Ligand SMILES: [Zn+2]
Ligand SMILES: [Zn+2]
């Protein structure tokens, strides 16, 4: 969903959207399960800045985007990579300036709202992009399928939660021991 400055010049935009699975690509870090709902509002904020000509005020058109989202996700366990169901949600209040407007260090904002600053280009921003970033930022630092997850065997890759392997008793998978032979030859 494209939010354009041109539209916001007419009136603020209120939105309530549900994105289907697959509409936003979260990469390997999270998999969306079911609808991802986002509701909020976009406003145009005219920021007055001192321009190049002394005393002249220049108007910068910022977009303030605030709202909240809620969705069900699966996140890979940090140890065994099995998917873990996790509800993610949160609120955001973001300010987007036109890309390039802050590139001149002499430009100084007269008033800066206490919000996070991002940049938009091509006259607007895409809600999906903002939402993707918010969801990825809200991911827990480490997700475990269970507190005592045993993880994967470093040698054979067996998920040790479901079955133990025999690597510890020196009978390693021949494919891997061939590799470790190679590794030790490279080292010497
Ligand atoms: Zn696990
Ligand atoms: Zn093993």
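Any read-out appearing in this document is the output of simple, stated calculations on the displayed coordinates, not a laboratory observation. Note that the coordinates shown come from a computational prediction; the quantities given were computed from them, not determined experimentally. Neighbour counts are summed over all protein chains in view; Cβ atoms, including those assigned to glycine, are modelled from backbone coordinates with ideal geometry.
For residue 56 and residue 138, compute 0.36 nm times the residue count separating them, minus their Cα-Cα distance, and round to one decimal in nm.
25.4 nm
Tell me, what is the FRET efficiency for residue 163 and residue 81 to the nearest 0.05, using R0 = 22 angstrom and their Cβ-Cβ distance as r?
With R0 = 22 Å, the Cβ-Cβ based efficiency is 0.90.
Please arrange 8, 65, 81 by how many other C-beta atoms lie within 10 Å of their C-beta, fewest to most.
By the 10 Å Cβ count, ascending: 81, 8, 65.
Given a Förster radius of 41 Å and the C-beta distance between residue 66 and residue 155 as r, what FRET efficiency does 1/(1 + (r/R0)^6) yield to the nearest 0.05?
The calculated FRET efficiency here is 0.25.
Report the paramagnetic label zone for residue 4: residues of region 124-163 whose backbone N is under 12 Å from a point 7 Å from Cα along the Cα-to-Cβ axis.
What the label zone holds, given the 12 Å backbone N cut-off, is 124-125.
Quick check on the exposure proxy: order 79, 146 from fewest to most C-beta atoms within 10 angstrom.
Exposure proxy ranking, most exposed first: 146, 79.
Pop out the Kirkwood hydrodynamic radius of region 1-86 from its pairwise C-alpha distances, inverse of mean 1/r, in Å to one decimal.
16.0 Å
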